[in-house]
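Beneath this line is the structure, given in structure tokens, with notes to follow.
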Amino acid sequence: MWVHFGPQASGESGDWYARKLYVEGTLAYKNHVKNHGHPSEVGYKDVLRNWNPSKLNPAALAKIYKDAGARFLLIQGVHHDNFDLWNSRYQPWNSVNLGPKRDLIGEWAKACRSENLKFGITFHHEYTWWWWQTAFGSDTAGSKKGVPYDGNLTLADGKGKWWEGYDPRLLYGIDLREYKGVQEAAKSKWSPPCWHIYQPSVLC
């Protein structure tokens with residue numbers, strides 16, 4: 001059984017909500033603007049602050065999965081969104097510091113051991129190097145045209161805000177737009193930019 005669950009589910013917009021909320025015209029973008037505000041003012045960092053899956057009960061779910069015949073549970077530790085679901089020493093953007101204020105992976109581990117289930121933790125960092133490039137964009141039309149999304153914020157911008165001390169760049173990564181092809185590929189549905197963007201003389 002694979003438990004693929006995290007704050008992205010709060011968007012009720014299908015998979016990759018965190019990335020797609022920065023892509024004009026997508027269901028995620030429309031839902032985010034309707035429920036939270038424009039991504040230049042209220043972005044995914046703010047979703048993380050408010051995310052609270054209070055009804056999530058790993059102990060009860062582990063029992064249900066075992067009764068259904070599962071012997072192994074694979075649990076999402078961190079998605080491409082860079083938000084760690086445990087008391088991470090490496091990432092301040094995590095579920096103990098923000099949102100539910102819970103060590104979700106710790107709860108899952110305890111539940112699995114209680115039910116004598118083997119378990120593993122998944123890390124989805126293979127796409128993180130490019131996945132957040134949409135957060136560095138801006139609308140191409142409308143009243144917010146050209147207004148940078150919150151991926152462009154820095155640690156200094158947080159002074160006096162709720163996220164003071166939390167560096168957005170640790171969440172969103174870095175803007176790769178100086179490399180050829182990133183701007184166009186940032187809004188792709190799946191494939192990342194060609195890795196040759198780091199070698200301008202080499203074609204994809």
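The values are calculated or read from the model by the stated rules, or taken from the named source; none is laboratory data. Just so you know, these numbers come straight off a predicted model, no measurement behind them. Don't worry about glycine lacking a Cβ; one is built from the backbone with ideal geometry, like all the others, and counts go over all protein chains shown. Accessible surface is based on the protein model in full, side chains and every heavy atom, while ligands, DNA and RNA are left aside. Shrake-Rupley method; radii C 1.70, N 1.55, O 1.52, S 1.80 Å.
Please go through the range 143-182 and pick out each residue that is touching a residue at least 24 places away in the same chain (Cβ under 8 Å) and more than 28 Å from Asn94 (Cβ to Cβ).
Listed by number, the residues that qualify are Lys144, Val147.
May I ask you to list the residues in the range 99-153 that are outside any strand (DSSP E or B), polar (S, T, N, Q) and more than 21 Å from Val33 (Cβ to Cβ)?
Ser114, Asn116, Thr128
For Lys180, all conditions in the list (1) at pLDDT below 95; (2) under 24 Å from Lys30 (Cα atoms) hold save one; what is the number of the exception?
Result: Lys180 fails condition (2) only.
Scan the range 64-73 residue by residue and report those that are surrounded by 14 or more Cβ atoms within 10 Å (Cβ to Cβ) and within 24 Å of Ser95 (Cα to Cα).
To start, the set of residues in the range 64-73 that are surrounded by 14 or more Cβ atoms within 10 Å (Cβ to Cβ) comprises 65-66, 70, 73.
Matches in the range 64-73: Tyr65, Leu73.
Within the range 103-134, count every residue that is open to solvent by less than 60 Å² (accessible area, probe 1.4 Å) and closer than 18 Å to Ala185 by Cα.
Residues meeting the conditions: 7.
Could you tell me how many of the residues in the range 154-185 are in a helix (DSSP H, G or I), out of contact with any Asp or Glu (no Cβ under 8 Å at 6 or more places or on another chain), of a type in the set (A, V, I, L, M, F, W, C) and surrounded by fewer than 17 Cβ atoms within 10 Å (Cβ to Cβ)?
2
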